[in-house]
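All remarks here apply to the structure that follows.
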Amino acid sequence: MRRFAAIIVLCILTLTVLAPFNVADRVVGSEPQHPVPAGEFVDGTKVLQEGDIPASNIIAELGRHLCFGIQFATYARTNHGALEITWRQGKDLDQWAIRSVRLKDNEFKYFCPSKGIAAGQKFEIAITGVGIKSGHAPTAWLTADTRLGVAAMNGADQKRSLSLRFASIREVSPQHIMALDGGAYFFGWLVSVLISVAALLAMRPPALS
């Protein structure tokens with residue numbers, strides 16, 4: 001009975017390899033030049049950045065599917081409260097609320113405007129701390145690369161930019177995974193599963209003393 005339970009658990013775990021996931025294909029972004037943290041986003045703290053999206057054929061072609069990513073930092077701790085993220089470009093306005101606990105240290109968190117992102121136009125990104133106390137607040141990285149604008153924190157010019165990426169988000173489906181390397185990846189995965197199942201079936205139960 002335990003053997004078959006182990007086989008079922010093995011199959012469930014191996015199937016997670018085929019679970020769909022998203023990949024961010026970077027189109028444009030700031031470089032990590034002399035990065036520094038912006039400081040804790042405690043309740044009421046607002047970071048505002050205005051910038052320009054480069055005018056390029058790639059951005060124009062992918063614009064409807066583009067998202068922007070902000071590189072947050074958690075100070076390697078679990079934080080509380082939430083952040084309100086606002087995107088504005090022309091007359092288009094989008095807002096998101098995200099719990100601080102969902103942010104991962106030093107990773108980019110992506111947000112996808114409902115009408116996409118237009119090439120060659122100005123944009124505005126705002127981050128506001130909501131209900132967060134010092135010692136439990138996340139932050140975001142700032143970079144000396146200001147090609148995508150300059151950030152202001154509570155109205156004070158930081159002379160640096162938020163660490164930003166603009167990317168096309170695509171889903172990698174099980175069909176895509178099975179087709180990798182002409183199906184070689186899926187074949188190798190399947191053989192590994194079969195070998196593992198065979199090994200479990202071949203195991204003898206421990207002798208009773």
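The values are calculated or read from the model by the stated rules, or taken from the named source; none is laboratory data. Quantities reported herein were computed from a predicted structural model and do not represent experimental measurements. Glycine gets a Cβ as well: all are built from the backbone with ideal geometry, and neighbour counts include every protein chain shown. Remember, those area values only see protein heavy atoms, side chains included, never the ligands or the DNA or RNA. Shrake-Rupley method; radii C 1.70, N 1.55, O 1.52, S 1.80 Å.
Couple of notes before you dig in:
- Count of residues meeting criterion [modelled with pLDDT of 60 or more and open to solvent by 70 Å² or more (accessible area, probe 1.4 Å)] in region 12-34: 7
- Residue check, Ser168 touching a strand residue (DSSP E or B) at 6+ places or on another chain (Cβ under 8 Å), closer than 18 Å to Phe68 by Cα, open to solvent by 60 Å² or more (accessible area, probe 1.4 Å) and modelled with pLDDT under 95: no
- Counted residues, region 42-70 - those being among the hydroxyl-bearing types (Ser, Thr, Tyr) and either crowded, with 19+ Cβ neighbours inside 10 Å or assigned to a strand (DSSP E or B) (or both): 1
- Residue tally, condition within 19 Å of the chain's Cα centre (by Cα), open to solvent by less than 50 Å² (accessible area, probe 1.4 Å) and farther than 19 Å from Gly44 by Cβ, over region 109-141: 4
- Residue in region 74-90 that is modelled with pLDDT of 90 or more, among the basic types (Lys, Arg) and surrounded by 14 or more Cβ atoms within 10 Å (Cβ to Cβ) present: yes
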